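Below: one structure, written as C-alpha cells.
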C-alpha cells in the first residue's frame, strides 16, 4: 500500500487547524470568563460603596446636658437599621478603669439599644461618665464612643468617634 503524501499532508493540516480552532476558542472562553469576573467584581465593589454610603447616614452626635453626656444616634438613611446599640462612651484618652452608665434620672428612661431605628428617627441616650471609683465625672470636652448596628441586608457596622465612615464588622 502506498502512502499519499497529499493525504498525509491534508490530515496533518486538518489536525493543526482543529488544534488552532480549539486553542482559539479556549482563549476566547478565558477572555469571556475574565471579563465576566471583572464585571462581577466591579458590581460587588459598587454595591460595597453603596452599602458604606447608606451606613454613613447613621450619625452620632454627643453633647453635654445637665452634667450628663447625651448621645444621639440618628438614621438619615432610606432604610431602617436594626439592633442599634451604644456600646461604649468615654472621655477622650480615658483611663481603662473608667466606665459609664445610663442616666437613670431621664424620663422616659433611656435604653442603650433599639431593635429598629426607622428612617429619619433617632435614639437618644443620656449617660454618666464614671471614674475608676464609680463616681460621676464632669462632662469632658471630647469623648470617644462606639455604636453598633445592622443594616437590612444583615451587614453589621461599627461607628466610632473618628471621622472615618462606619466599618463593616462580624455579627455579634
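Every number here is computed from the coordinates shown, using simple stated rules; none is lab data. Computed from a prediction, not measured in an experiment: that's the story for all the values here. A quick note on method: Cβ atoms are made from the backbone with ideal geometry, for glycine too, and the neighbour counts reach across all protein chains shown.
Hey, with R₀ at 30 Å, roughly what FRET efficiency would residue 161 and residue 32 work out to, going by the Cβ-Cβ distance, to 0.05? Each step should come with its number before you reach the end.
Values: r = 48 Å, r/R0 = 1.59.
Plugging the Cβ-Cβ distance into 1/(1 + (r/R0)^6) gives 0.05.
Value of Rg to Rh for the range 37-93, rounded to two decimals, is 1.18; Kirkwood radius and Rg both from alpha-carbon coordinates.
When each of the peptides 147-156, 67-76 is scored by how many other beta carbons lie within 10 Å of its residues on average, the order from highest to lowest is 67-76, 147-156.
Computed extension gain for residue 152 through residue 65, at 0.36 nm per residue and net of the alpha carbon distance, reaches 28.1 nm. Projected label points at residue 39 and residue 120, each 7 Å from Cα along the beta carbon direction, are separated by 3.8 nanometres. What FRET efficiency comes out for residue 105 versus residue 48 if R0 is 41 angstrom and r is the Cβ-Cβ distance? Round to the nearest 0.05. FRET efficiency, residue 105 to residue 48: 0.45.
Listing 81, 139 from fewest to most neighbouring C-beta atoms within 10 Å gives 139, 81.
Of interest is the spacing of the C-alpha centroids, which for the range 117-172 and the range 69-86 amounts to 9 Å.
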